[in-house]
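Here is the structure we will look at.
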Amino acid sequence: MINKRLLVKNLLAHNDENSFYDKKRFISIGEKEGKAKFLKHVCALANSNPTNNSFIVVGVEDEDNKIVGVDFFDDSKIQNLVNAYLHHPPLISYENIPFPHLPDGKVVGLVTIKSIGEICSLRKSIWKYYAGSVFFREGSISMPKVFDIELKEINKEAVATIEKHAKNNIKLTLDGVVDFLNNRHKDLESDYKVFKEQFVVCWAGNKKVVNGETFYYRVDIELINEQVKLFYSNLDEVKISIDENSFTTIEFVQLGLGAKQKYYPLEKVVISFNENGTYSINSDLLFNPPKYKKKKLEEIFMGNNLLVEKAKSNHALNPTEIKRLRYLADTYLICYLNGFEQAKEQMEIARKLLKPKYPKVNASIKEALRVLRKVKYN
């Protein structure tokens, strides 16, 4: 079993960017240009590594390899994005890797790409890349190729050595459990469970009981063996259930207009552990968004836009406007889910404008955009 934190360290310590490894300060698949560049690199790494894994490490400075981290990126549907845009898409995963020196909510992103052994190409045009384009890695650069297209096995031994050096051991597992329970989450209720005598899942959160059911908020869940953060949120409620073979979460989001809030189930994730030392993660979107009359939402949408314009200026907001700002992310999200497609763009604009003066509003917009990613790529 590979310890993903060790894998990241080995990639950074022993390799500059090359034909099986790339590093990024961040990725931005919510924007067309960022999405196109990400797909280009995935395509190029898959084609350059037909028989071994290839990697993108996210949250690292390019010049000195300093680990600065990125926000926790909960995108279980990233495979769907790749499937939509690439012909012969590789198998892909995005994992959030905690590092002790990073603040809460910051992780290193590890994208693992596994080719299916066929030439990967763009299925449809995006940004300045045309449908049918094929990319390969030449050193640290993803380049288009239009002739002599052939998959070659060149990195199999190098990657196998790196993965071997990242194997987990009992000391790393025990240290991880103790650190999670005793150091990082002293102020939260925390626990752990061992599955199939080898997998250790730790979780922490504030517990509350509603109508006889137990929910958690400020939730952090990690698979300690691989040093992978499975879930992290300061805002949403999560229901956790456990049996001998699986660990299941159901995430809820709080939505509504103004003070009329209600909890809606968003996604169910089941981690199933097998006797042969493997595990699988399956997710199902449960979300059924609330519906409102178009006229009412038009008023809210225009009001939100005016509120953002005023908030970015030097004009002080009155108490009523400050209260409305608290629900800005929720109402924009509801507008988008009811057919106002410009609401997503407005959320992106509002986040940039409001981040310095209203950090809590910025955090709620980030959560709303995360929900949109799940819905969009389901």
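For the chain, what does the helix formula give at 222 nm: sum of -39500 (n - 2.57) over DSSP H segments with n ≥ 4, over the residue count, nearest 500 deg cm²/dmol? Calculated from helices alone, the mean residue ellipticity at 222 nm is -10000 deg cm²/dmol. Between the residues Val361, Phe301, Ala343, the greatest Cα displacement towards the positive end of the dipole of region 294-376, with unit charges on the Cβ of Lys, Arg, Asp and Glu, is found for Val361. The calculated P(r) of the chain, using every Cα pair and 20 Å bins from 0, goes 26, 56, 18, 0 in percent. For the chain, a crude dipole built from +1 on the beta carbon of Lys and Arg and -1 on the beta carbon of Asp and Glu, taken about the Cα centre, is about 1480 debye to the nearest 20.
In vacuo Debye scattering of region 4-165, one point per C-alpha: log10 I(q)/I(0) at q = 0.09 Å⁻¹? Debye output, listed in q order: -0.27. The C-alpha atoms of the chain define a longest principal axis, and helix 4-14 lies at about 60 degrees to it. Using 1/(1 + (r/R0)^6) with R0 = 35 angstrom and r between the beta carbons of Glu118 and Gln198, what's the FRET efficiency to the nearest 0.05? Once the sixth-power term is evaluated, E becomes 0.55. Between Glu150 and Ser125, what FRET efficiency comes out of the Förster formula 1/(1 + (r/R0)^6) with R0 = 30 Å and r the beta carbon distance, rounded to 0.05? Approximately 0.75, to the nearest 0.05. Computed 3J(HN,Hα) for region 349-363, one whole-Hz value per residue from the Karplus formula 6.51 cos²θ - 1.76 cosθ + 1.60 where θ = phi - 60°, is 5, 4, 4, 5, 6, 9, 4, x, 8, 9, x, 5, 5, 4, 5, glycine and proline marked x.
Under 21 Å between C-alpha atoms is the cut-off here; go through region 170-285 and count lysine pairs that meet it, provided they're at least eight residues apart or on different chains. Lysine pairs meeting both conditions in region 170-285 amount to 25.
The H on the amide N of Lys24, modeled in the peptide plane, is under 5 Å from the matching H of Val57, Val58, Gly59, Val60, each at least 5 residues off or on a different chain. For the chain, the longest principal axis of the C-alpha atoms and the axis of helix 32-48 are separated by about 20°. The HN-Hα couplings worked out from phi for region 229-234 by the Karplus form 6.51 cos²θ - 1.76 cosθ + 1.60 (θ = phi - 60°) are 7, 7, 7, 8, 7, 8 Hz, whole numbers, x standing for Gly and Pro. Here the label points at Ala158 and Met302, each 7 Å from Cα along the C-beta direction, are separated by 6.0 nm in the simple model.
Extension gain Ala259-Glu345, at 0.36 nm per residue separation less the Cα-Cα distance, in nm?
Working: separation 86, 0.36 × 86 = 30.96 nm, distance 2.45 nm.
My answer for the length gained is 28.5 nm.
Contact order for the chain, expressed relative to its length and based on alpha carbon pairs under 8 Å spaced 6+ residues apart, stands at 13 percent.
In plain terms, the bigger the Kirkwood radius, the slower the diffusion; for region 294-376, with that radius from Cα pairs, at 10 °C and 1.306 mPa s, Stokes-Einstein puts D at 125 µm²/s.
We did not get these values from a lab; they are worked out from the coordinates using the rules stated. This structure is a prediction, so every number in the text was calculated from the model and none was measured. When we count neighbours, we look across all protein chains shown, and the Cβ atoms used for this are built from the backbone with ideal geometry, even at glycine.
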